[in-house]
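**Q** Just passing along the structure, written as structure tokens.
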Amino acid sequence: MKLDFFQRKFWTASRQCAALDGKCTISCDNEDIKCYLIDNNGFILVTEDYSQTGLFFGEVESAVMNKLLLMGSFKRITLYDYQALCREYAGNSDSARSLSHPFSMVKWLLTKLVIFLLEFNLYSWWHVDLSVKAQRSRGKTMMVPCDTEYPAFVSERTIKETTGNIDCEGCARSFVIQQIPSSNLFMVVVDNKCDCSSAPLVSMDPIEIMYNESLKCDRLKFQKDRKRPESCHPFHPEENAMECGGAAGLSAPLTAALLPLLATLISR
């Protein structure tokens with residue numbers, strides 16, 4: 001089902017009521033209320049503002065989301081990403097500390113040597129200043145591996161319908177949230193007459209985990225070193241050995257293309 005069709009079906013159903021004439025005393029077309037359809041993780045599926053589709057509900061209605069967390073309708077959990085990338089300044093002192101280890105220094109020197117041999121030519125020899133200026137203009141930050149933590153939100157299944165009021169700088173903002181039967185979706189209707197934009201933002205932005213030395217040691221205890229196989233398997237009965245052994249016929253351009261990959265592996 002396409003999202004546009006699903007949204008049209010939702011708006012059509014929201015205008016229908018169980019009254020005798022089928023008309024609603026109030027609907028999502030009313031300017032005094034805002035209607036949202038969110039999932040059990042708090043992401044918006046349907047809203048009057050199509051640009052908000054797919055956003056986290058706490059970034060759009062932070063006051064309501066904070067109230068739902070206090071009431072227990074949603075709970076916050078922490079997730080971890082151990083393969084994240086963080087932005088770091090090129091001149092950061094952490095990079096200097098990483099080179100203090102002798103093995104790290106050797107890897108760094110080998111990498112720089114291979115890259116220098118690949119990029120060396122007469123033009124770069126006579127135009128060193130141009131290349132240095134070009135590297136400085138690329139920016140002073142780089143992406144480095146890191147560990148991050150970020151919040152996630154899950155709805156409480158036992159709560160089918162909840163109402164609440166929020167005090168916002170001299171006015172009260174009411175809302176109602178109701179679970180849609182046989183689904184993981186919730187309809188949220190918020191009073192639009194009170195401005196609660198000053199409420200603290202509920203964000204899902206990741207935060208880098210800064211470990212101290214003791215925590216780093218604790219993590220390294222759980223990381224097992226990789227070992228070589230105890231036995232050698234040089235052949236397989238179903239393998240045709242005549243199809244192998246073409247590495248000696250690599251051309252010079254192909255070898256030069258594989259050297260950057262080798263340099264990357266060495267740097268790791």
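**Q** Exactly one of (1) within 30 Å of residue 140 (Cβ to Cβ); (2) open to solvent by 30 Å² or more (accessible area, probe 1.4 Å); (3) assigned to a strand (DSSP E or B); (4) at pLDDT 80 or above is unmet by residue 59. Its number?
**A** Single failed check for residue 59: (3).
**Q** Right, next: Looking at residue 145 and the list (1) assigned to a strand (DSSP E or B); (2) touching a Ser or Thr at 6+ places or on another chain (Cβ under 6 Å), which single condition is not satisfied?
**A** Every condition holds for residue 145 apart from (2).
**Q** Something else about it: Failed condition for residue 16, given (1) over 23 Å from residue 181 (Cα atoms); (2) modelled with pLDDT under 90; (3) polar (S, T, N, Q), with all others met?
**A** (1)
**Q** Please determine, by comparing only the residues of the stretch 23-56 that are surrounded by fewer than 19 Cβ atoms within 10 Å (Cβ to Cβ) and among the β-branched types (Val, Ile, Thr), which one is farthest from residue 157 (Cα to Cα).
**A** The qualifying residue farthest from residue 157 (Cα to Cα) is 25.
**Q** Six or more apart or on different chains, Cβ under 6 Å: which pairs go from a residue in the stretch 183-207 that's over 30 Å from residue 146 (Cα atoms) and without any contact (Cβ under 8 Å) to a residue 40 or more places away in the chain to one that's in a loop (DSSP other than H, G, I, E, B) and small (Gly, Ala, Ser)? Could you list them?
**A** none
**Q** If I filter the stretch 21-43 for residues that are modelled with pLDDT under 90 and on the phi > 0 side of the Ramachandran plot, do I get at least one hit?
**A** Looking through the stretch 21-43, at least one residue is modelled with pLDDT under 90 and on the phi > 0 side of the Ramachandran plot.
**Q** Then there is this: Restricting to the stretch 30-54, name every residue that is more than 19 Å from residue 179 (Cα to Cα) and either small (Gly, Ala, Ser) or assigned to a strand (DSSP E or B) (or both).
**A** Correct list: 51 only.
**Q** Go through the stretch 179-205 and count every residue that is at pLDDT below 90 and either part of a strand (DSSP E or B) or surrounded by 15 or more Cβ atoms within 10 Å (Cβ to Cβ) (or both).
**A** Count: 6.
**Q** Collect the residues in the stretch 62-84 that are over 18 Å from the mean Cα position of the chain (by Cα) and open to solvent by less than 60 Å² (accessible area, probe 1.4 Å), keeping them in residue-number order.
**A** Matches in the stretch 62-84: 62, 63, 64, 65, 66, 68, 69, 72, 73, 74.
**Q** So, one more: When you scan the stretch 140-178, how many residues do you find that are modelled with pLDDT of 85 or more, buried (at least 16 other Cβ atoms within 10 Å of the Cβ), of a type in the set (Val, Ile, Thr) and more than 20 Å from the chain's Cα centre (by Cα)?
**A** Residues meeting the conditions: 3.
The values are calculated or read from the model by the stated rules, or taken from the named source; none is laboratory data. The structure presented is a predicted model; accordingly, all values stated were derived computationally and were not measured. With ideal geometry, Cβ positions are generated from the backbone for all residues, glycine too; neighbour counts draw on all protein chains shown. The area values use the complete protein model at the heavy-atom level, side chains included, leaving out ligands, DNA and RNA. Shrake-Rupley method; radii C 1.70, N 1.55, O 1.52, S 1.80 Å.
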